[in-house]
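Student: First the structure, then my questions, so here it is.
The values are calculated or read from the model by the stated rules, or taken from the named source; none is laboratory data. Remember, it's a predicted structure, so these values are computed and weren't measured experimentally. Methodologically, a virtual Cβ is constructed for each residue, glycine included, from the backbone with ideal geometry; neighbour enumeration extends over all protein chains shown. All accessible areas refer to the heavy atoms of the entire protein, side chains included, with ligands and DNA or RNA removed. Shrake-Rupley method; radii C 1.70, N 1.55, O 1.52, S 1.80 Å.
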Amino acid sequence: MEAMNDAAAARAIGSLPALHASSLQLLRRGASGAFLVTIGGTGLSFLANLVMARVIGRHEFGVYALMFSWVSMLAVIAQAGQDISMIRLLPSYIREGAWGKVRGLRRGIGTIVLATSCCIALGGCVAVYLIGANQSASWRHTFYIGFAMLPVLTQLQQSGALHRAFKRPVVSGLYQTLGRPLLLIVLLGVLVLTVREIDAPWAAAASLAAAALALAGSARHLQHSWPEAGRAAAPAYEIRRWLVVGSQMSMLSIIVVSGSRLDVLILGALMGPGDVGPYYAAVRMAGFALFAQSAANVVLAPMIAERFDARDMGGLQLVATRAARFAFAGALAVSMGFGVAGNWLLGLFGPGFDAAYVPLLVLLCGYCVSTSMGEVGFMLSMTRFQRRASMLVLVGVVANAAVAWLLVPSFGATGAAIGAVASLLVWRALAWRTVRRRLGIDPSIFGVPGKELSR
């Protein structure tokens with residue numbers, strides 16, 4: 001028996017270089033395709049926001065930005081971590097040939113998330129009815145439409161998560177990242193030609209229609225590309241396990257997205273929609289610095305889970321380091337470009353938007369430093385340290401709230417940007433330290449590919 005175990009171990013060790021090469025090849029190929037989709041999607045999203053700001057004006061754009069920030073945050077709450085649990089669980093189901101569980105995962109989680117998002121949307125509409133008396137009709141109508149969009153967004157995210165779990169990184173972003181902003185631009189163009197005066201509710205309605213069309217396309221693609229082995233399998237449900245895994249991962253997702261939107265929400269609460277518009281434009285521009293990281297993460301998340309489950313820590317170090325360097329190179333290139341042309345680009349949104357140039361620079365510097373640390377969030381959440389990751393992100397959110405609340409009254413949007421960067425750097429630095437100690441991996445750009453740390 002010992003001889004058989006030794007032989008199996010020898011075969012496993014001998015296969016590791018091939019596994020490393022395969023993982024690296026998949027990372028490069030998948031990240032390259034997702035990279036192109038992410039560039040196109042980020043550019044189209046920027047263009048859609050630019051067109052919207054020019055069409056509806058600074059104040060109405062601020063109202064739309066506040067609505068979309070709230071809806072985006074509530075969409076993550078409605079997901080309850082189930083989109084991430086799909087990416088975590090589905091690869092193991094496929095490896096085991098458990099196609100009934102794969103089919104049950106798709107149906108069961110989709111139904112749970114849809115019901116949850118509908119309940120949250122209804123509660124949001126009630127809240128708008130109760131507290132919206134002091135707001136304008138435009139504000140109320142925009143938020144009503146935004147909450148109607150919530151179930152559509154969550155189902156679109158579910159569909160994208162399934163594509164990612166099947167290792168289709170390009171397809172996963174084709175509809176949500178690329179298709180939705182493209183459709184929004186087209187619909188805004190139609191409104192310009194057919195409606196006399198376009199305001200925030202009209203923009204919200206166009207966004208809802210674009211999300212619905214993108215969802216229809218993604219669902220149809222998923223149906224046609226569903227593996228034959230899983231079509232005839234009877235659905236098998238592990239509801240309890242899914243809820244447990246989702247609940248463990250949901251806290252991290254909720255805290256991360258809440259923290260990323262907190263600067264916009266605090267700025268809106270203290271300064272009003274007029275200041276939110278330019279800052280939101282700066283946030284969207286600064287998001288270009290993260291496109292390389294986003295592209296790599298589409299492929300990286302399931303690969304982290306696979307390497308960790310196989311106890312291939314050298315392979316885990318390899319993909320982590322390559323992904324970190326890829327993300328940092330993208331962030332640095334974008335930051336240098338926007339450092340030169342950012343003021344002019346902000347001016348394209350309309351009068352007064354160039355006031356957000358300094359906040360833009362603050363955000364870009366923060367993103368460069370944060371990407372240099374590597375994808376520490378997935379390194380923890382995909383290796384069963386999601387609770388610790390949640391606590392670290394929560395520390396960052398508290399830092400964001402404290403800094404933004406202190407600085408926004410005096411420095412406006414610049415204070416909000418400093419709060420956002422403080423949050424990002426605090427939790428990611430703590431997470432980087434935890435990854436090194438718990439996994440023996442240096443996920444930063446300074447890690448040695450294929451060589452785990454001594455613990």
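Student: Based on this model, can you work out whether residue 308 counts as touching a Cys at 6+ places or on another chain (Cβ under 8 Å) and open to solvent by 20 Å² or more (accessible area, probe 1.4 Å)?
Tutor: Against the criterion (touching a Cys at 6+ places or on another chain (Cβ under 8 Å) and open to solvent by 20 Å² or more (accessible area, probe 1.4 Å)), residue 308 does not qualify.
Student: Regarding the stretch 369-384, can at least one residue be identified that is farther than 30 Å from residue 311 by Cβ and open to solvent by 40 Å² or more (accessible area, probe 1.4 Å)? Outline the logic, then answer.
Tutor: Here is the first cut: in the stretch 369-384, the residues farther than 30 Å from residue 311 by Cβ are 369.
Pick out the ones that are also open to solvent by 40 Å² or more (accessible area, probe 1.4 Å) and you get 369.
Yes, some residue in the stretch 369-384 is farther than 30 Å from residue 311 by Cβ and open to solvent by 40 Å² or more (accessible area, probe 1.4 Å).
Student: Next question. Is there a residue being at pLDDT 80 or above, open to solvent by less than 10 Å² (accessible area, probe 1.4 Å), touching a Pro at 6+ places or on another chain (Cβ under 6 Å) and not hydroxyl-bearing (Ser, Thr, Tyr) anywhere in the stretch 98-106?
Tutor: No, the stretch 98-106 contains no residue that is at pLDDT 80 or above, open to solvent by less than 10 Å² (accessible area, probe 1.4 Å), touching a Pro at 6+ places or on another chain (Cβ under 6 Å) and not hydroxyl-bearing (Ser, Thr, Tyr).
Student: Another one. Could we say that residue 282 is over 16 Å from the mean Cα position of the chain (by Cα), more than 28 Å from residue 66 (Cα to Cα) and at pLDDT 75 or above here? If you could, list the steps in order and put the result at the bottom.
Tutor: Numbers: over 16 Å from the mean Cα position of the chain (by Cα): yes; more than 28 Å from residue 66 (Cα to Cα): no; at pLDDT 75 or above: yes.
For residue 282, the condition - over 16 Å from the mean Cα position of the chain (by Cα), more than 28 Å from residue 66 (Cα to Cα) and at pLDDT 75 or above - is not met.
Student: For the structure I just gave you, tell me whether residue 94 is farther than 24 Å from residue 304 by Cβ, open to solvent by 40 Å² or more (accessible area, probe 1.4 Å) and part of a helix (DSSP H, G or I).
Tutor: On the way: farther than 24 Å from residue 304 by Cβ: no; open to solvent by 40 Å² or more (accessible area, probe 1.4 Å): yes; part of a helix (DSSP H, G or I): yes.
No; evaluated as a whole, the condition is false for this residue.
Student: If you check every pair at least six apart or on different chains, which have Cβ atoms under 6 Å apart with a residue in the stretch 325-337 that is closer than 9 Å to residue 289 by Cα first and a residue that is surrounded by fewer than 22 Cβ atoms within 10 Å (Cβ to Cβ) second?
Tutor: Qualifying pairs under 6 Å: 328/372; 328/445; 331/368; 332/368; 335/368.
Residue by residue, here is whether (1) under 18 Å from residue 431 (Cβ atoms); (2) open to solvent by 20 Å² or more (accessible area, probe 1.4 Å); (3) out of contact with any Leu (no Cβ under 8 Å at 6 or more places or on another chain) holds:
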site: 288; (1), (2), (3): no, yes, yes
site: 294; (1), (2), (3): yes, yes, yes
site: 323; (1), (2), (3): yes, no, no
site: 331; (1), (2), (3): yes, no, no
site: 337; (1), (2), (3): no, yes, yes
site: 340; (1), (2), (3): no, yes, yes
site: 350; (1), (2), (3): no, no, yes
site: 366; (1), (2), (3): yes, no, no
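Student: Just the residues that are of a type in the set (Gly, Ala, Ser) and open to solvent by less than 10 Å² (accessible area, probe 1.4 Å), please, taken from the stretch 109-120.
Tutor: The answer is 117, and nothing else.
Student: Another question, then. Filter the stretch 52-68 down to the residues that are surrounded by fewer than 24 Cβ atoms within 10 Å (Cβ to Cβ) and closer than 17 Å to residue 283 by Cβ, then identify the one that is modelled with the highest pLDDT.
Tutor: That would be 68.
Student: Is it fair to say residue 247 is at pLDDT below 80, in a helix (DSSP H, G or I) and buried (at least 17 other Cβ atoms within 10 Å of the Cβ)?
Tutor: no
Student: While we're here: Could you check how many residues of the stretch 432-446 are under 13 Å from residue 375 (Cβ atoms) and out of contact with any Phe, Trp or Tyr (no Cβ under 7 Å at 6 or more places or on another chain)?
Tutor: 5
Student: Please verify whether residue 319 is among the hydrophobic types (A, V, I, L, M, F, W, C), assigned to a helix (DSSP H, G or I) and either at pLDDT 90 or above or open to solvent by 20 Å² or more (accessible area, probe 1.4 Å) (or both), treating the condition exactly as stated.
Tutor: It is false that residue 319 is among the hydrophobic types (A, V, I, L, M, F, W, C), assigned to a helix (DSSP H, G or I) and either at pLDDT 90 or above or open to solvent by 20 Å² or more (accessible area, probe 1.4 Å) (or both).
Student: I'd like to check which helices (runs of 4 or more DSSP H) are fully inside the stretch 127-208 and have at least 2 residues that are surrounded by fewer than 20 Cβ atoms within 10 Å (Cβ to Cβ) and in contact with a helix residue (DSSP H, G or I) (Cβ under 9 Å, 6 or more places away or on another chain).
Tutor: On the way: elements: 137-165, 169-173, 180-194.
By residue number, 137-165, 180-194.
Student: Moving to a separate point now. Based on what the data block shows, is residue 439 under 22 Å from residue 308 (Cβ atoms), at pLDDT below 90, more than 22 Å from the chain's Cα centre (by Cα) and crowded, with 20+ Cβ neighbours inside 10 Å? First the steps, then the outcome.
Tutor: Details: under 22 Å from residue 308 (Cβ atoms): yes; at pLDDT below 90: yes; more than 22 Å from the chain's Cα centre (by Cα): yes; crowded, with 20+ Cβ neighbours inside 10 Å: yes.
So residue 439 passes the test.
Student: Take residue 135 and tell me if it is over 17 Å from residue 205 (Cα atoms) and in contact (Cβ under 8 Å) with a residue 24 or more places away in the chain.
Tutor: no
Student: When you scan the stretch 118-140, do you find a residue that is in contact with a Gly (Cβ under 7 Å, 6 or more places away or on another chain) and under 20 Å from residue 81 (Cα atoms), even just one?
Tutor: Looking for residues that are in contact with a Gly (Cβ under 7 Å, 6 or more places away or on another chain) and under 20 Å from residue 81 (Cα atoms), one finds none in the stretch 118-140, hence no.
Student: May I pose another question? Just to be sure before I move on: is residue 428 of a type outside the set (Val, Ile, Thr) and free of Cβ contacts under 8 Å to residues at least 40 places away in the same chain in the structure I sent?
Tutor: no
Student: For the stretch 209-237, give me the residue count where each residue is without any contact (Cβ under 8 Å) to a residue 24 or more places away in the chain, outside any loop (DSSP other than H, G, I, E, B) and open to solvent by less than 70 Å² (accessible area, probe 1.4 Å).
Tutor: Qualifying residue count for the region: 1.
Student: Testing residue 101 on (1) closer than 20 Å to residue 156 by Cβ; (2) touching a Leu at 6+ places or on another chain (Cβ under 9 Å), one condition comes back false. Which one is that?
Tutor: Residue 101 satisfies all of (1) closer than 20 Å to residue 156 by Cβ; (2) touching a Leu at 6+ places or on another chain (Cβ under 9 Å) except (1).
Student: Okay, moving on. Restricting attention to the stretch 220-243, report how many residues are among the hydroxyl-bearing types (Ser, Thr, Tyr) and touching a Gly at 6+ places or on another chain (Cβ under 7 Å).
Tutor: 1
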